[in-house]
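Enquirer: The following block contains the structure, expressed as structure tokens.
The values are calculated or read from the model by the stated rules, or taken from the named source; none is laboratory data. If you're wondering where the values come from, they're calculated on a predicted model, not measured in any experiment. So basically every Cβ, Gly included, is an ideal-geometry build from the backbone, and we count neighbours across all protein chains shown.
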Amino acid sequence: MDSDRLFILYIHGFNSSPASEKAQQFQSFCQQLGNVDIAIPELSHDPEQALSQLQALIENAAGKIHLLVGSSLGGYYATWLSEKYNCRAALVNPAVSPVKNLGEEFLGTQKNYYSGIEYEFTREYALFLDTLDINPVTSPENFLLLLQTGDEVLDYRLAVERYQGSIQIVQEGGSHRFEEFDALFAPMMEFAQKGKLSPETIAGIKKHI
């Protein structure tokens, strides 16, 4: 991998896939930039297998991961990975302690929104998923938190509290899918390269809101 190229790993959410609108939009943006390599793996519904997939990609990058982008449950995975590998992560309406906060909602028959494949999310899956819970976060400076208060699935306030000390962009309204996600692509790249956002970037985001 060339030293002047960025490597970004996009981690989709629960019952989602690389075919999701957010993943496809972000992939197109990265490809247009020309100096970004992006991986968007199709993750197993088994959390332990999914984590193994993600760790293999990071370790194959030989420590040259520039940014993890995690959506929903992908944000939960990205938090654990960021803490382990000391890399930056942009979290998009991330799940916070999902097993504790959503409980039985995970269990039983599930269906992937894109593939249509049905499977059983077992109690064993949930127990493993809960072992990945990072509380408190030890390196808040590594996180860019992107939230919309209109998230109908997750309580955004849990993320605000969990990621204290991180750069937090909280937009009023919106939804769990994160409306106008493409408006945050350039700031995410700035964070990937610099680990911070300039006052001008933050002002632009607020103006956009």
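Enquirer: Could you check how many residues of segment 46-63 are within 21 Å of residue 91 (Cβ to Cβ) and touching a residue at least 24 places away in the same chain (Cβ under 8 Å)?
Expert: Number satisfying all stated conditions: 8.
Enquirer: OK, next. Name the one entry in 60, 35 that is farther than 25 Å from residue 124 by Cβ, among the polar types (S, T, N, Q) and in contact with a Leu (Cβ under 9 Å, 6 or more places away or on another chain).
Expert: 35
Enquirer: Another one. Only one of 150, 173 is at pLDDT below 95, surrounded by 13 or more Cβ atoms within 10 Å (Cβ to Cβ) and over 26 Å from residue 44 (Cα atoms). Can you tell me which?
Expert: Of the residues listed, the single one that is at pLDDT below 95, surrounded by 13 or more Cβ atoms within 10 Å (Cβ to Cβ) and over 26 Å from residue 44 (Cα atoms) is 150.
Each row is one residue, and each column tells you yes or no for (1) under 28 Å from residue 184 (Cα atoms); (2) surrounded by fewer than 22 Cβ atoms within 10 Å (Cβ to Cβ); (3) under 15 Å from the mean Cα position of the chain (by Cα); (4) of a type outside the set (Ser, Thr, Tyr).
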{"position": "61", "(1), (2), (3), (4)": "yes, yes, no, yes"}
{"position": "66", "(1), (2), (3), (4)": "yes, yes, yes, yes"}
{"position": "101", "(1), (2), (3), (4)": "yes, yes, no, yes"}
{"position": "117", "(1), (2), (3), (4)": "no, yes, no, yes"}
{"position": "132", "(1), (2), (3), (4)": "yes, yes, yes, yes"}
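Enquirer: Search segment 147-172 for residues that are farther than 11 Å from residue 92 by Cβ and pair each with any residue that is assigned to a strand (DSSP E or B) and among the aromatic types (Phe, Trp, Tyr) when their beta-carbon atoms are under 9 Å apart and the residues are at least 6 apart or on different chains.
Expert: As it stands, the answer is 163/143; 165/143; 166/143; 167/143; 168/143, since those pairs meet every condition given.
Enquirer: Moving on. Mind listing whichever residues of segment 11-45 are under 23 Å from residue 128 (Cβ atoms) and either touching a residue at least 60 places away in the same chain (Cβ under 8 Å) or of a type in the set (Phe, Trp, Tyr) (or both)?
Expert: 11, 12, 13, 14, 15, 16, 17, 45
Enquirer: Oh, and also: Restricting the search to segment 101-129, which residues are assigned to a strand (DSSP E or B) and at negative phi?
Expert: 109, 110, 111, 118, 119, 120, 121, listed by residue number.
Enquirer: For residues that are in contact (Cβ under 8 Å) with a residue 40 or more places away in the chain and of a type in the set (Ser, Thr, Tyr), tally how many sit in segment 89-131.
Expert: 6
Enquirer: Take residue 86 and tell me if it is touching a residue at least 40 places away in the same chain (Cβ under 8 Å), closer than 25 Å to residue 175 by Cα, surrounded by fewer than 22 Cβ atoms within 10 Å (Cβ to Cβ) and over 14 Å from the mean Cα position of the chain (by Cα).
Expert: Answer is no for this residue.
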